[in-house]
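All of the numbers you see were taken from the coordinates with simple rules; none came from a lab. Not measured: the values here are computed from a predicted model. Here the Cβ positions follow ideal geometry from the backbone for every residue, glycine too, while neighbour counts run over all protein chains shown.
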Amino acid sequence: MESSKRLIAFDLDGTLNKTEVYALDAYRNTLKELGVGPFSDEEILDRFGATHEEDIKYFLGNDVTENQAKKYSITLDRYWQEAQSNKCESYPMVASTLQSLKENGYYLCICSNAPYDEIVGTLKRLDLFDYFDDIQGLTPECDKVYSLRELVKKHEPRSLTMVGDRYYDYLAAKENQATFIGCAYGYGKDEELKHADYVIHSIQEIESIMKVIC
């Protein structure tokens, strides 16, 4: 049965979280320690939004061994936690925009390719955790289409909007019949957002768009 919820699903990295302020250092240090690369900052930034498994193959190659993958994961997590604890920043106006959307009755969720615990930790460091009604991390299918589908199954919303900066977000929206708002200020290239229903250049633009959508 359809609920009365007007659900907005937000991607995290490149949408709410200015990930590069800590993640670039974490990736650089990991790749240097493992003797992998070189990779440019642009190449690293292009990975933001992908799954961890995809990153492993991108940086270490398709023939990566289980031990190499494990070492990469442990090393990246160590540098990631260290860097994030010192530098963590959301985009301008994120908190006030989320607050306004909540006050106007929207049901706010996270739909991310990151693991659940990592999402929670990041949101708490950004002081954004309390704005969200539900958090959906990566599913066993390792595909954001299924992550958004889980939110739809759980909440059966009256309206569904996906907000994100990458092609993964657009595809999730398309496959779940959601309106897609593309974030041009994030990490996606223009090509990834060319089929978006709306494109925004700052997070607060969502408020006026939502008044049109529902």
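Overview of values
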{"read-out": "Identity of the residue in the range 161-185, aliphatic (A, V, I, L, M) and buried (at least 24 other Cβ atoms within 10 Å of the Cβ), that ends up farthest from ILE213 (Cα to Cα)", "value": "ALA172"}
{"read-out": "Residue that is surrounded by the fewest Cβ atoms within 10 Å (Cβ to Cβ), among those in the range 25-38 that are touching a helix residue (DSSP H, G or I) at 6+ places or on another chain (Cβ under 6 Å) and within 30 Å of SER202 (Cβ to Cβ)", "value": "ASP25"}
{"read-out": "Enumerated helices (runs of 4 or more DSSP H) restricted to the range 114-214, each holding at least 1 residues that are under 13 Å from LEU7 (Cβ atoms)", "value": "144-155, 167-175, 205-213"}
{"read-out": "Hits in the range 82-97 - residues which are in contact (Cβ under 8 Å) with a residue 40 or more places away in the chain and outside any loop (DSSP other than H, G, I, E, B)", "value": "GLU82, ALA83, GLN84, SER85, ASN86, SER90, VAL94, SER96, THR97"}
{"read-out": "Single condition PHE48 does not satisfy, out of (1) assigned to a helix (DSSP H, G or I); (2) in contact (Cβ under 8 Å) with a residue 12 or more places away in the chain", "value": "(1)"}
